[in-house]
Amino acid sequence: MPQKTAIVTGAARGIGAATAKRLAQDGFAVAVIDLDEQACSETVSAIESAGGKALAVGADVSDSDQVTAAVERVAAELGDPVALVNNAGVLRDNMLFKMSDSDWDTVMSVHLRGAFLMSRATQKYMVEAKWGRIVNLSSTSALGNRGQANYSTAKAGLQGLTKTLAIELGKFGVTANAIAPGFIATDMTKATAERVGASFEDFSKAAVSTIPVARAGEPDDIANAASFFLDERSGFVSGQVLYVAGGPRD
Ligand code: NAP
């Protein structure tokens with residue numbers, strides 16, 4: 001079977017980097033997209049030194065022209081992208097009364113507009129191939145989280161986008177699913193600890209005390225779920241939201 005190409009956004013570090021590496025192990029050629037192309041080189045080198053194929057691409061997923069150019073470059077240099085993990089994300093946490101217009105707009109742009117633009121730009125390759133996989137990174141914050149009016153709205157919105165993509169694209173052999181991680185140890189959760197004025201150790205301890213499996217999540221926990229959704233054999237699983245949080249969520 002010819003090698004399939006996957007795109008992972010925000011893959012310079014954290015969950016995206018772990019997912020890109022895992023998908024390469026699974027046999028995909030992987031486009032590693034992040035804001036700064038240079039920052040993608042670590043993920044790309046790790047994939048290449050393990051014998052995989054990868055390409056670093058710098059693009060802001062919230063910018064339509066950059067998304068078009070990035071996806072065209074992936075198609076030309078790596079192969080038509082038939083799998084997409086919309087992982088790029090930012091936080092602009094604040095209590096509602098202190099949240100600025102730009103805190104709101106930035107989070108909506110990266111998470112929602114970014115996932116929309118990337119999905120729209122890649123779907124044509126998937127429809128043409130009559131095979132495709134889209135995974136959106138939601139969050140347990142979609143259920144509501146203090147200080148995250150913008151982020152929780154965007155993450156809930158991504159669940160709606162996921163279900164609609166599943167309905168529209170299903171007949172072309174394309175599935176769309178969402179992963180909603182709980183507490184995962186990355187730079188993003190380190191930034192949250194900083195915002196609330198706690199050390200990362202104390203912040204993690206407090207989080208872990210509420211997690212049934214009694215440990216923090218790791219980027220590989222999410223990469224594993226993405227690997228499942230992208231698997232050839234997962235073609236009948238679509239429109240689902242999988243909470244990967246070490247315990248049940250509503
Ligand atoms: P992270 O370590 O902060 O990594 C996010 C990556 O996205 C960074 O490399 C960042 O680049 C990149 N990025 C930001 N804006 C971008 C844009 N406009 N275009 C392209 N790339 C962009 O975050 P993470 O913890 O791995 O989270 C990954 C995803 O999982 C996010 O969608 C997040 O909301 C979600 N999630 C995380 C957790 C958790 O506990 N960590 C829980 C639930 C959901 P820069 O470094 O240049 O900013």
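Taken together, the values in this text are just the output of simple stated rules run on the coordinates, not laboratory data. Please read these numbers as outputs of a predicted model, since none were measured by experiment. All Cβ positions, glycine included, derive from the backbone under ideal geometry; neighbour counts span all protein chains shown.
Assorted remarks:
- Residue count for region 131-147 under the criterion of being more than 11 Å from the ligand (Cβ to nearest atom) and closer than 21 Å to Thr192 by Cβ: the result is 4.
- Taken together, Ala54, Ala46 contain a single residue that is more than 9 Å from the ligand (Cβ to nearest atom), buried (at least 22 other Cβ atoms within 10 Å of the Cβ) and under 22 Å from Ile179 (Cβ atoms), which is Ala54.
- Residue in region 27-37 that is over 17 Å from the mean Cα position of the chain (by Cα) and surrounded by fewer than 17 Cβ atoms within 10 Å (Cβ to Cβ) present: yes
- All conditions in (1) within 9 Å of the ligand (Cβ to nearest atom); (2) of a type outside the set (Lys, Arg); (3) farther than 29 Å from Gln3 by Cα; (4) part of a helix (DSSP H, G or I) hold for Leu91, with the sole exception of (4).
- Residue within region 109-125 that is buried (at least 21 other Cβ atoms within 10 Å of the Cβ) and among the charged types (D, E, K, R) present: no
- Exclusive hit being under 17 Å from His111 (Cα atoms) and touching a residue at least 24 places away in the same chain (Cβ under 8 Å), set Ala11, Ala56: Ala11
- Counting only helices (runs of 4 or more DSSP H) that sit completely within region 148-250, those holding 3 or more residues that are under 20 Å from the mean Cα position of the chain (by Cα) and closer than 25 Å to Met95 by Cβ correspond to 149-169, 187-195.
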